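Down below is the structure, laid out as structure tokens.
The values are calculated or read from the model by the stated rules, or taken from the named source; none is laboratory data. These numbers were taken from a predicted model, which means no experiment stands behind them. Glycine also receives a Cβ, built like all others from the backbone with ideal geometry; neighbour counts cover every protein chain displayed. When the accessible area is computed, the model is the full protein with side chains, heavy atoms only, and any ligands, DNA or RNA have been set aside. Shrake-Rupley method; radii C 1.70, N 1.55, O 1.52, S 1.80 Å.
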Amino acid sequence: MVKTFYKPRKENNRVKSNETKALWWETSDCEEAAEHLDTYVGGILDSQREYIHYNNIVHARLYSNRRYQATYGASYGIKKERGFDGTRLALKQNIVKSVIDAVVSKIAKTKVRVKFLTDGGEYYQKHRSSMLNKFISGLFYETNTHHATTHAFRDACIYGTGFIKVYTKEILNKKTNKMERKVAIERVSPDEIIVDPLDSYNQEPRAIHQIKYMSRNTLLAMFPDKKQEIEDADVHESGEAEGKYVEMVRVIEGWALPIGREKGKHIIQVDGRCLYSEEWTKDHFPFAVIRYTEPLFGYFGTGIAEDIKGLQIEINRLLFSIQNAMHLLGSPKIMVQKGAINLRHYTNEIGTFIEYDGPVKPEVYSPSAVPNGAIEQVQMYKRDAYQLAGISQLSASSQKPQGLNSGKAITEFRDAETERFSQTVRAFEQLHIDLAEVMLDVVREIGDDYQTTSYDRVRGIEVVDWKEIKLDKNGYVMQIFTGSQLPKDPAGRLQAIQDYLQAGILDANDALELLEIPDLESKVEFNLAAYRNIQKNLDRILDGKEGDLPEVADPLDYAYKQALKAYAYAREREFNQEVQNNLSIYIENVEELIKQAQQQEVERQMAAQQAAQAPTAAMQEQQVMGQEVPGMQGEMVTPTPG
């Protein structure tokens, strides 16, 4: 028996038709599934458009100060801004944008790194986990993940929910001159995502859909074998937003998850015509999702724009009243007795004489244009908006409170403010974990030949092959590490590093590297080159690769300490015997070089001591010779005759 999902709506308590539609993912025929998908999404849009779509447009207008007609596709056109009197624009203060930009800058200012950890296991698992860290770092860099996650988080602040889609994209490899499939990501407008409100009340829908308006030519390039279906598709038109040079068609892409013995499905259709269909075997959708505030029920979250929408509207109304009052009563008025003066005598010339009749001279009258308390009311609403969002006006304007001058005080002040966003920070970090998991699934789908390029300040550029990793999903856990836990401002960063130095957590070289002062960058790179080279070679040995042995010119004391730490780490983590043996050889070479350096130092000191003693010995010899031969120190002595 075919299940049904959608019954025609009743009008005046009467059903227009007894027809019901089948679930699109339960239909094996591609064309039939495409027709059911079109009807399914249309039914959801009828109910969703009234509140979700409308709210998205309102929130987009509040943030951007633009009169958007829609937030996706060809309908995003902007209507002309008209003033209240037809010529003058209304005065506005966009508090929604100010608050959201401040929160985004605070939460998304630091790049998030995903680290893979194994639970016990042999060396090869740990080695693959280490390689996987490099691989995902390279993927994040190639796809510009930080930019996409920042935009998705801003969407969550505006609309309540942000989406990032992961897909495969064919690009030309310039070295081999061949097309290669690569992982790609894109930020998706929340208005493009369609879910059944009842199916997603617990945030776990069976199916999710994306509506995207695309150029007909682009679609023909993607599906050349579906030329007739694409050319027959209707052009999307939307008033002022109608495309002038390209024809836009509406494409619907749907995913249904497998449940038990029921198979999942992935389909792409245009105007009810099937373009692509396949079985969907994954247990998740190709999206990473972030919500600013988790809803009690339903799929979409609540954003900052919705929280402070009422305050923004009241601020706009007050400013409108103040603006009109200033235009009406803002300029001085002159009170004169009727017929007492000739109005033509009033000019803007300096030193003008004005004759008037009667005992009362003209009087300049300057009424109070702005009602008492109006400005204070606007300022109060602005403070309330920032407080509701959990951020201070000082932070939004990049200022610090008066009296906070030390780095430690500034850091403590900012840490206290950040506590308000602990849940938001966790949501932003979870977005990166979810995104990494979806990206790795796409890599597994592409195949073992996938390569990515990783960059490390110590190791430099390194090509990582997926075939050398291929770590099973159950073979690791993911953790989040921010790019730096140190404060970003120079004073706070310097204070934190000084505290670590005093506690013995860092040495002078580590502190110099962590300062990250642009003016010292070249000097730091030069001074730390030898230390980074030692660390790079030890890391290569730990990775099971060949590492260069130290030389006499290297900082041997540092190499010896780091090699002992690496050897202890390898033993504690039960690395294979070959790695431990290579580290032992490294340590023995360092010890031999240290002994040679010490022997050379002893010889140098002895030579210096002998050189220092040589003048003293010559002096003593001269003194002895002077005693045996009088006059040796002075003039020549003539021998006395016998």
Could you list, ordered by first residue, the pairs with Cβ atoms under 6 Å in which the first is in the stretch 209-228 and over 22 Å from Pro286 (Cβ atoms) and the second is open to solvent by less than 30 Å² (accessible area, probe 1.4 Å), at least 6 apart or interchain?
Arg216/Val249; Leu220/Ile230
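For every residue, the table says whether it meets (1) open to solvent by less than 60 Å² (accessible area, probe 1.4 Å); (2) modelled with pLDDT of 75 or more; (3) basic (Lys, Arg).
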{"residue": "Ile334", "(1), (2), (3)": "no, yes, no"}
{"residue": "Asn348", "(1), (2), (3)": "no, yes, no"}
{"residue": "Val364", "(1), (2), (3)": "no, yes, no"}
{"residue": "Met380", "(1), (2), (3)": "no, yes, no"}
{"residue": "Arg383", "(1), (2), (3)": "no, yes, yes"}
{"residue": "Ala389", "(1), (2), (3)": "yes, yes, no"}
{"residue": "Gln402", "(1), (2), (3)": "no, no, no"}
{"residue": "Ala409", "(1), (2), (3)": "yes, no, no"}
{"residue": "Arg414", "(1), (2), (3)": "no, no, yes"}
Cβ-Cβ under 6 Å pairs, at least 6 apart or on other chains, the stretch 537-563 side among the basic types (Lys, Arg), far side in a loop (DSSP other than H, G, I, E, B):
Arg540/Gly547
Residue tally, condition at pLDDT 90 or above, open to solvent by 60 Å² or more (accessible area, probe 1.4 Å) and either under 40 Å from the mean Cα position of the chain (by Cα) or among the β-branched types (Val, Ile, Thr) (or both), over the stretch 568-606
1
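Sort out which residues of the stretch 366-378 are in a helix (DSSP H, G or I) and open to solvent by 80 Å² or more (accessible area, probe 1.4 Å), and write them in order of number.
Here is the first cut: in the stretch 366-378, the ones in a helix (DSSP H, G or I) are 374-378.
Listed by number, the residues that qualify are Ile375, Glu376.
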Answer from Ile308, Ile341 - the residue that is in contact with an Asp or Glu (Cβ under 9 Å, 6 or more places away or on another chain), more than 30 Å from Cys157 (Cβ to Cβ) and crowded, with 16+ Cβ neighbours inside 10 Å
Ile341
Filtering the stretch 190-204 down to residues that are assigned to a loop (DSSP other than H, G, I, E, B), out of contact with any His (no Cβ under 9 Å at 6 or more places or on another chain) and open to solvent by less than 10 Å² (accessible area, probe 1.4 Å) yields Ser200
Taking into account only those residues within the stretch 416-446 that are within 21 Å of the chain's Cα centre (by Cα), of a type in the set (D, E, K, R) and at pLDDT 85 or above, which is nearest to Arg113 (Cα to Cα)?
Glu429
Considering only the stretch 317-329, how many residues are surrounded by 14 or more Cβ atoms within 10 Å (Cβ to Cβ) and within 25 Å of Pro362 (Cβ to Cβ)?
2
Which numbered condition in (1) surrounded by 12 or more Cβ atoms within 10 Å (Cβ to Cβ); (2) without any contact (Cβ under 8 Å) to a residue 40 or more places away in the chain; (3) in contact with a helix residue (DSSP H, G or I) (Cβ under 8 Å, 6 or more places away or on another chain) is the only one that Asp271 fails?
(2)
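The rows are residues; the columns are (1) buried (at least 21 other Cβ atoms within 10 Å of the Cβ); (2) part of a helix (DSSP H, G or I); (3) touching a residue at least 60 places away in the same chain (Cβ under 8 Å).
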{"site": "Leu139", "(1), (2), (3)": "yes, yes, yes"}
{"site": "His151", "(1), (2), (3)": "no, yes, no"}
{"site": "Phe163", "(1), (2), (3)": "yes, no, yes"}
{"site": "Ile171", "(1), (2), (3)": "no, no, no"}
{"site": "Thr176", "(1), (2), (3)": "no, no, no"}
Scan the stretch 107-137 for residues that are assigned to a helix (DSSP H, G or I), open to solvent by 40 Å² or more (accessible area, probe 1.4 Å), touching a helix residue (DSSP H, G or I) at 6+ places or on another chain (Cβ under 8 Å) and at pLDDT 70 or above and report the count.
1
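Given the residues Ile313, Ile290, which is the only one that is within 30 Å of Ile194 (Cα to Cα) and in contact with a Leu (Cβ under 6 Å, 6 or more places away or on another chain)? Break it down stepwise before answering.
Values: Ile313 fails: in contact with a Leu (Cβ under 6 Å, 6 or more places away or on another chain).
Checking each option against the conditions leaves just Ile290.
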